[in-house]
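Asks: This structure is in structure tokens; I'll ask about it shortly.
The values are calculated or read from the model by the stated rules, or taken from the named source; none is laboratory data. Computed from a prediction, not measured in an experiment: that's the story for all the values here. Because the Cβ atoms are built from the backbone with ideal geometry, glycine has one as well, and the counts that use them run over all protein chains shown. Accessible surface is based on the protein model in full, side chains and every heavy atom, while ligands, DNA and RNA are left aside. Shrake-Rupley method; radii C 1.70, N 1.55, O 1.52, S 1.80 Å.
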Number of protein chains: 4
Amino acid sequence: MATIAFIGLGNMGGPMALNLVKAGHTVRVFDLNHDAVHAIAELGALPCSSSCGAAAGAEVVITMLPAGKHVRGLYLGEEGLIQTVADDALLIDSSTIDAESARVVAEAAARRGIEFVDAPVSGGTAGAAAGTLTFICGGSDAGFARARPILENMGANIFHAGAAGAGQVAKICNNMLLAVLMAGTSEALQLGIHNGLDPKVLSEIIKVSSGGNWTLEKYNPCPDVMENVPSSKGYQGGFMVDLMCKDLGLAMQTATDSHSPTPMGALATSLFRLHAAKGNGKRDFSSIFEQFAHQQEQ
Amino acid sequence: MATIAFIGLGNMGGPMALNLVKAGHTVRVFDLNHDAVHAIAELGALPCSSSCGAAAGAEVVITMLPAGKHVRGLYLGEEGLIQTVADDALLIDSSTIDAESARVVAEAAARRGIEFVDAPVSGGTAGAAAGTLTFICGGSDAGFARARPILENMGANIFHAGAAGAGQVAKICNNMLLAVLMAGTSEALQLGIHNGLDPKVLSEIIKVSSGGNWTLEKYNPCPDVMENVPSSKGYQGGFMVDLMCKDLGLAMQTATDSHSPTPMGALATSLFRLHAAKGNGKRDFSSIFEQFAHQQEQ
Amino acid sequence: MATIAFIGLGNMGGPMALNLVKAGHTVRVFDLNHDAVHAIAELGALPCSSSCGAAAGAEVVITMLPAGKHVRGLYLGEEGLIQTVADDALLIDSSTIDAESARVVAEAAARRGIEFVDAPVSGGTAGAAAGTLTFICGGSDAGFARARPILENMGANIFHAGAAGAGQVAKICNNMLLAVLMAGTSEALQLGIHNGLDPKVLSEIIKVSSGGNWTLEKYNPCPDVMENVPSSKGYQGGFMVDLMCKDLGLAMQTATDSHSPTPMGALATSLFRLHAAKGNGKRDFSSIFEQFAHQQEQ
Amino acid sequence: MATIAFIGLGNMGGPMALNLVKAGHTVRVFDLNHDAVHAIAELGALPCSSSCGAAAGAEVVITMLPAGKHVRGLYLGEEGLIQTVADDALLIDSSTIDAESARVVAEAAARRGIEFVDAPVSGGTAGAAAGTLTFICGGSDAGFARARPILENMGANIFHAGAAGAGQVAKICNNMLLAVLMAGTSEALQLGIHNGLDPKVLSEIIKVSSGGNWTLEKYNPCPDVMENVPSSKGYQGGFMVDLMCKDLGLAMQTATDSHSPTPMGALATSLFRLHAAKGNGKRDFSSIFEQFAHQQEQ
């Protein structure tokens, strides 16, 4: 069992840290939100009054923050974590941020001889609570080898995508493609519906044909085709449009930085932003399906 | 065993008709290309000198033609098949054509009280030869019930998508989505490559994540990630760009006719046409992958 | 002064025919709608009971119909206009239809040695009433030379785009580009607004810069930037979204027929269809501007 | 006449600074490239050995740098220009950078009570040499009033787009729309060509119709339609594809930051990146026209 600092106790970070507590680790926690700290402290974590305080002397430091600027701000600089943690600490950042920030922090860590692993997650708050998250990691083989058993306390699938930043890149490649699948599947189903087809029948046919994809298997966007998916529950729960838009923004930034043409991803980005702009930001992302419907004349 | 007229003996129709011969049916064949007729006649089919001659008295008539105008021309009119076939003949059109033409022919057949089933196929020339095609059918339950055992001589998966025209609609919904998957997967993999990731590793991760889709399972567009797929054989064989463009043209026509917004499908159409316009029409459609690569400066 | 048959007296055809009456021509009119025939007959046109009756013996026949199938139906066949008009009649079709239909009719006319000019219009019902329409013509030099003085009674700008069908092609090229300009200008203005800019100031800058285009000059889509445009009158009047969608459908069909990649036009088509699908079909097409706005959360 | 520091003497900055020299100002210059400093020093500018040295005591400081990070690096921080210039200095940044960086620098300047104007330019190296650039400015009325007479020594059109950052926003709105116009006009002309139209005739018709835009007026992308434009000179000179891609990257970043849907701009971005990826980065941006052509089969 290890001494682990966990910084960032939001909707995702809170239940992730709790799974580390349950696994028997000593977990030192910090968040700017005191209530979040108290809540998990009552369940066995050790509350700290600062991120540096939590990280001081810890064997492993895990961070779960909103954006690249927060990660840079916490790790870099004279009083940043990289300078203040123990010599042999392992740093794991599970935030979903731009790959460039992940690389910059990893390089700073390397200059001090410390392992840094970028390990963004997917699986949502349900996966965080259940300990079934997917982690997609970037970093050295040695760093990944050390991170893996820790991450297994919180997740069911732990991938090593490549060197520093590769975890972030792989995650946004996946999520950009997911947005393409969801928008493309939605408009294909609607095209069938507009031409008199039953979406259940059409979904069954495509699912086992060359149009088959994850959304048809697990997350059909058409209401009442599948049970227990957001589309059959008023598009509540699941993965919010605003979060998909955030990930797509990161994908577009990565594409710009590497001069990569991503026409399908860019169009999906526009479609999800159009959807968000109409007031759907807090609904599940499969609600994009509604955009392709024929509505009544106003 | 039935007496079956088979009209249209091209790259697909020829081997399909042969599978009916092998199954023991009496197969009466016609094609404007005499060589095609002779070739299959030597293998047991009965050569006919006209389509009406082949169809006269047949229990089942199967057609495999290039486009909607050929299907309309053959079936409709005073001397068309619908007027000249036996009263209880079953008509099956396996051409991939516009849904509107399929519906018009089906209505004409219904007026004479004859069953017409639109049954476009997927699976390519290899599937036609092996008898493992997928048929996606539109028509009445009774018509489908009669067509199914015949189609099973030529295919492995026989779907009933709905009423007349539904086979054509379901097929182009599937193929439009396939084009979206292939373009989207290609650009996601290239985005990873441009950022230093190994496409094999990235493919493995996405395949089991929410970006998973048929192209990653069966038809990876990146050379040397999978064996025995077109991308690993110089993009030869498989499904030609020109044929994908044909299907996408039908999808766009169907979308126009039903006033359906299909932004992802429309963009994929443009991308495949751009690819074809650069001289790639005869290559496998997964070669769209190359469009997203960084090439040398000229 | 000529004897002119005018067939098709809708919102556009009616006022166009009236301008021919006012110019002193003998105008023989027909429409399936009896009221439309009576209305213009009271203003000096000669009512006819059939299209062939109107056209018999006329020096010029002008048609204004909804779609290519109506034009083919009226002109082609054994009892079509091409067979029944006088030997030296000039045929002018001002319908906006697919180029392929225009070419087919022109070829049939040529086989009988008759001049046929496709002459679609732009300028809307206001232009039809005022006699300030734009005609974009396809046909031989001789045919255009004969058509021009007739068309000048109804329009202010008469263009000769090329051979048969070229009028239809040029019109849909223009209108496809117009859709691109309108959507592109709308999102550029909204991007400015979202970043705190005054749309009047931004419009003034772009109008005289390299982003300058017809929509900023004559038809600004942002309310209250210009006076007397649809955007400043609740998006009433002007050019309906449904009509733009019709023209874009023709553009997409032409692109499919000539294997032309038109990514920007295809995306504009999708955006206008999405807009129509939300109940905006009867509003002016510049209302696409609203799609790019940030709305309140639901 | 003023004492002006000019920092950044590249292809644009060099001739701009020279125009200030010619106008009689005392111009103190710095660039990391010594040759650039020497070249303009021989023409009357005063060479300096550092940016701070150049700026010390100057009444006006003008910067012309590659990207936002350079501008932030030069202006911000304890030894940045904002802390080291005279109390009443006017700061003008003519770099084309992200609006966020412009706002951050302007806010830092405001905290010291110094006027900062973002003033990106368009017009290219020819406009820089001829003193006919367009400046699009953001900043206070007072700052703009002071900047205007200085900028008039280098440009023909000086716009005030709004508050700090508005110059950058307005420029990228314009250039994003320009990319849309160029791609859209190119595909519309090619669609006409594929259907047999003469691009000169088609250009003339659209130019005076509702598809009219700057590219048809001044910069027709089809070779040999206009004289003295890049398309008629092998797409040499003009505005490089790589620079258009840079501006489009800034537009996409601004759109992401303000959650703005920009589907047409995002597609144009993808198309120009696809074009650049094929080795066309150094050619004029109107060469995108070639992408829509039908080429020979390989």
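Asks: Over segment A:1-77, what per residue volume does the convex hull of the Cα atoms give, in whole Å³?
Replies: Dividing the Cα hull volume of segment A:1-77 by its residues yields 79 Å³.
Asks: In chain A, what is the volume of the convex hull around the alpha carbon atoms, normalised per residue and reported in Å³?
Replies: 145 Å³
Asks: Taking only DSSP H segments of four or more residues, each worth -39500 (n - 2.57), what value at 222 nm results for the protein assembly as shown once the sum is divided by all its residues, to the nearest 500 deg cm²/dmol?
Replies: -14000 deg cm²/dmol
Asks: How big is the D/C interface in buried accessible area, both sides summed, 1.4 Å probe, to the nearest 100 Å²?
Replies: Answer for the D-C pair: about 4500 Å² buried.
Asks: What part of the accessible area of the protein assembly as shown, given as a whole %, is carbon or sulfur when the probe is 1.4 angstrom?
Replies: 51 percent
Asks: Compute the FRET efficiency between A:Asn11 and A:Asp224 as 1/(1 + (r/R0)^6), taking r as their Cβ-Cβ distance and R0 = 25 Å, and round to the nearest 0.05.
Replies: Calculated value: 0.30.
Asks: If you keep only loop residues by DSSP, which GluC sites (Glu not before Pro) in segment B:206-298 have at most 13 other Cβ atoms within 10 Å of their Cβ?
Replies: B:Glu227, B:Glu297
Asks: Shortest first and in nm with one decimal, please list how far the A:Pro149 label point sits from its counterparts in the other copies (point 7 Å along Cα→Cβ).
Replies: For A:Pro149, the inter-copy label distances come out at 6.5, 7.6, 9.9 nm.
Asks: A follow-up question, please. Rounded to whole Å and ordered largest first, report the semi-axes of the equivalent ellipsoid of segment B:55-111 derived from its Cα gyration tensor (root of 5λ).
Replies: For segment B:55-111, the ellipsoid semi-axes come out as 17, 12, 10 Å.
Asks: How long are the semi-axes of the equivalent ellipsoid of the protein assembly as shown, defined as square roots of 5 times the Cα gyration tensor eigenvalues? Whole Å, largest first.
Replies: 55, 43, 25
Asks: Kirkwood Rh over Cα pairs of segment B:169-292 into Stokes-Einstein at 37 °C, 0.692 mPa s: D in µm²/s?
Replies: Once the numbers are plugged in, D ends up at 224 µm²/s.
Asks: Could you state how much accessible area C:Asp141 has, in square angstrom rounded to the nearest 10, with a 1.4 Å probe and all protein chains kept in place?
Replies: Per-residue accessible area (C:Asp141): approximately 110 Å².
Asks: What percentages, rounded to whole numbers, describe P(r) for segment C:3-164 computed over all alpha carbon pairs with 5 Å bin width beginning at zero?
Replies: Whole-percent P(r) values from 0 Å outward: 2, 10, 21, 25, 23, 14, 4, 0.
Asks: With axes computed from alpha carbons, what is the tilt in degrees of helix C:241-257 against the longest principal axis of chain C, rounded to the nearest 10 within 0 to 90?
Replies: 70 degrees
Asks: Still on this model: For chain B, find the longest principal axis of its Cα atoms and tell me its angle to the long axis of helix B:141-151, 0 to 90°, nearest 10.
Replies: 80 degrees
Asks: Using a 1.4 angstrom probe on the protein heavy atoms only, could you order A:Ser50, D:Ser186 from most to least accessible area?
Replies: Greatest to least solvent exposure: A:Ser50, D:Ser186.
Asks: Nm distances between the label at A:Asn11 and the same-position labels in the remaining copies, 7 Å along Cα→Cβ, shortest first?
Replies: Label point to label point, same position, other copies: 4.6, 4.7, 5.0 nm.
Asks: Take every DSSP beta bridge with both residues inside the protein assembly as shown and express the antiparallel ones as a percent of the total, to the nearest 5.
Replies: 15 percent
Asks: If one takes the longest principal axis of the Cα atoms in chain D, at what angle in degrees, from 0 to 90 and to the nearest 10, does the Cα axis of helix D:99-111 lie?
Replies: 20 degrees
Asks: Once the other residues with Cβ under 12 Å from the Cβ of D:Thr84 are scored (Lys, Arg +1; Asp, Glu -1), what is the net sum?
Replies: That works out to -2.
Asks: When we measure straight from the Cα of C:Lys233, which lysines land under 16 angstrom away, once same-chain ones fewer than 8 places off are left out?
Replies: Partners within reach: C:Lys218, C:Lys282.
Asks: Here's another thing I want to ask about it. Antiparallel DSSP bridges in chain B: what percent, to the nearest 5?
Replies: 15 percent
Asks: No solvent, one uniform scatterer per C-alpha: report log10 I(q)/I(0) for segment D:86-158 via the Debye equation at q = 0.14, 0.26, 0.27 1/Å, two decimals.
Replies: -0.42, -1.16, -1.21
Asks: Between the DSSP loop rule and a limit of at most 15 other Cβ atoms within 10 Å, which GluC sites (Glu not before Pro) in segment D:88-162 are left?
Replies: D:Glu152
Asks: Separate question: In square angstrom, what is the accessible area per residue of the protein assembly as shown with a 1.4 angstrom probe?
Replies: Heavy-atom accessible area per residue stands at 36 Å².
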